[in-house]
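For reference, the structure discussed in these notes is given below.
Since every read-out is calculated from the coordinates, none of them should be taken as a lab result. Remember, predicted model here, so these are calculated numbers, not experimental data. With ideal geometry, Cβ positions are generated from the backbone for all residues, glycine too; neighbour counts draw on all protein chains shown.
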Amino acid sequence: MDILLTGCDQRLQRCYEYLDSIGRREVAEDIEIVLDDLYKIRKQHDLVLQRQNAAIMSLRKDLANQTNATEKERIAKDEARKLALDSRKTSDRLKDTLGIRNDTIEQSKVTLASKNASIAKLNASLDHEKANAQSAYHLGFDTGHHAAQTNKQPPPQPAQRSETPEERVPMINVTLRERWLNDLMLEPTTGPGMSSSLKKALILGDKRTVKSMIATNTWLGAPALHLAALFGDVEMAKALVAQGVHVNSICNARSEKPGKLVHGVTPLHLAVAAHQKPMIRYLCSIGGSLSAPALGRGTRSSAPPLWLISKRSLNMAGDEAKDIVGVVRLLKQLGWDSDAQLNDDGDDMRSLARKKLGGRVELQSALLAELYR
C-alpha cells in the first residue's frame, strides 16, 4: 500500500510540474489538491499501520504470557500429582503401622490373659496342696502330704518299644514330599517327564540312583534340582550341581488355576516356598537369582520371593508368621531388594501382602513390619 501511494504521488507530481510549465495553472492546482489528499491518506495509513503493529506486539506479548502461564500450570499440576502420590504412600505406611500396633496390643492382651490364667491355676494348686498338708498335720499322718506329692507327679507313661531301623524312616516326611510332588507336577521344558523311579529316588534322597539317571538323561537335571530344593536336600543339590545342572534352570509347574501352567519356575522358587533356609543360602551362594527369569514374549513370570506368600505355598508349607518373616529376613541379608517388582503387574512384596493376606492379620502385620524395617 505504501509503495502504491508513493508511486501515485510521484506521477502526480510530474503531471503538476508539466502542466504548470505549459500554462495550465487551473489543472495544476487541482492536481495539487489531489496531492494534498494523497499526503493525508499516507499519514492516516501510517497511523493505522502503527496501531496494527502495536496490536500485533500486544497479541504476541499476551500469547507469550499465556504460554508461560500454561507451563506454570503444568508444573504445578505435576507437583500436586507427586505430592498426592507421596501423601498416599505416607498414608499407607501409617495405616500399616497402626495395624501392626493394634495387633501387638491384641496379642499382648491374649498373652496377659493366658499368664493370668496360669497364675490362677498355680494358686489353686498351691491352695490345694496347703489344705492337704494341714489335714495331714491335724490327723497325725502323712496322707495329705502324700496326696500333694501325688498331684505333682506326672501320670505314668505307657512303655515304649524300641523302633527298628525301618521304623525310624520319617514316613510322614515321605508322605508330605509325595503330596508336594503331586501338587506341583513339575516337568522339564525339554524332553519327556520324570519317571516314577526318579521321583521315588528324589523323595527318598537316593543320590546314587538320581545321579545315575541324570547322567543318561541330562534334561531331567532341572526337575531333579528343583525337587532337591523343595525338600531342602542340600547334599543332593550339591551333587546335581557338581554333575552340571544349572542353578537357575527352569521348569513348568501346574498352576493353582485349573488347566493352566506356571512357567519360569527355578529351584529358588521352591526353596523359598518351602521355607528351606539352608537351601536358599546355598543356591544364592552359587549364583541363584532372586529376580523373575526372562522368558519369551507374552509369557508371564514371577520372582522367587513371591512364592513365599502365594496361596499354594501357604497351604503347603504353613503360614506361621515367624517362619515367613524369618525367610524374608534371610532374603534381605542375601541382598534381595524388598522394593523390587515381583511380577509382570508391577507388584512388590508390600502391595502383595496387602492384597493377598487380608485374611491372615497376624502374618500380614508381621510381614509388613519386617518389610518397613
3J(HN,Hα) from dihedral phi, the range 365-373, Karplus parametrisation 6.51/-1.76/1.60, rounded to Hz, x for glycine, proline: 5, 5, 5, 5, 4, 5, 5, 8, 6
Virtual spin-label span in nm between residue 112 and residue 195, 7 Å along Cα→Cβ: 6.5 nm
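Going from the alpha-carbon gyration tensor of the range 171-371, what semi-axes, largest first and in whole Å, does one get by taking the root of 5 times each eigenvalue?
So the equivalent ellipsoid measures 27, 18, 16 Å along its semi-axes.
Report the convex hull volume per residue for the range 203-256, counting only C-alpha atoms, in Å³. Spell out each step's value before the answer.
Details: hull volume 4.5 nm³, N = 54.
For the range 203-256, the hull spanned by Cα atoms encloses 84 Å³ per residue.
Figure the gain on full extension for residue 44 and residue 337 (residue separation times 0.36 nm, minus the Cα-Cα span) and round it to one decimal in nm.
Values: separation 293, 0.36 × 293 = 105.48 nm, distance 7.73 nm.
Once the chain is fully extended between residue 44 and residue 337, it gains 97.7 nm.
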Integer Hz, Karplus 6.51/-1.76/1.60 couplings in order for the range 80-91, x for Gly and Pro: 5, 5, 5, 5, 5, 5, 4, 5, 5, 5, 4, 5
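Multiply the residue gap between residue 294 and residue 53 by 0.36 nm, knock off their C-alpha separation, and tell me the result in nm, one decimal place.
Stretched fully, the residue 294-residue 53 segment lengthens by 80.4 nm.
Report the semi-axes of the equivalent ellipsoid for the range 270-353 in whole Å, largest first, where each axis is √(5λ) for an eigenvalue λ of the Cα gyration tensor. Each step should come with its number before you reach the end.
On the way: eigenvalues 75, 49, 30 Å².
So the equivalent ellipsoid measures 19, 16, 12 Å along its semi-axes.
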Simple label model, 7 Å out from Cα along Cβ direction - residue 208 to residue 65, nm: 9.5 nm
Pairwise centroid distance, computed over Cα atoms, of the range 47-100 with the range 261-330, Å: 46 Å
Ordering of 266-272, 289-295 by packing [mean C-beta count within 10 Å, highest first]: 266-272, 289-295
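Note down the magnitude of the dipole of the range 171-371 about its Cα centre, charges +1 on Lys and Arg C-beta and -1 on Asp and Glu C-beta and zero elsewhere, to the nearest 20 debye. Let's see the in-between values first.
On the way: 25 positive and 18 negative charges, 63 e Å.
That gives the range 171-371 a dipole magnitude of about 300 debye.
Using the per-residue mean of other Cβ atoms lying within 10 Å as a proxy for protection, in what order, highest first, do the peptides 31-37, 55-61, 352-358, 221-227 fall? Walk me through the intermediate numbers first.
Numbers: 31-37: 13.6, 55-61: 10.0, 352-358: 16.7, 221-227: 27.4.
Per-residue mean Cβ counts within 10 Å order the peptides as 221-227, 352-358, 31-37, 55-61.
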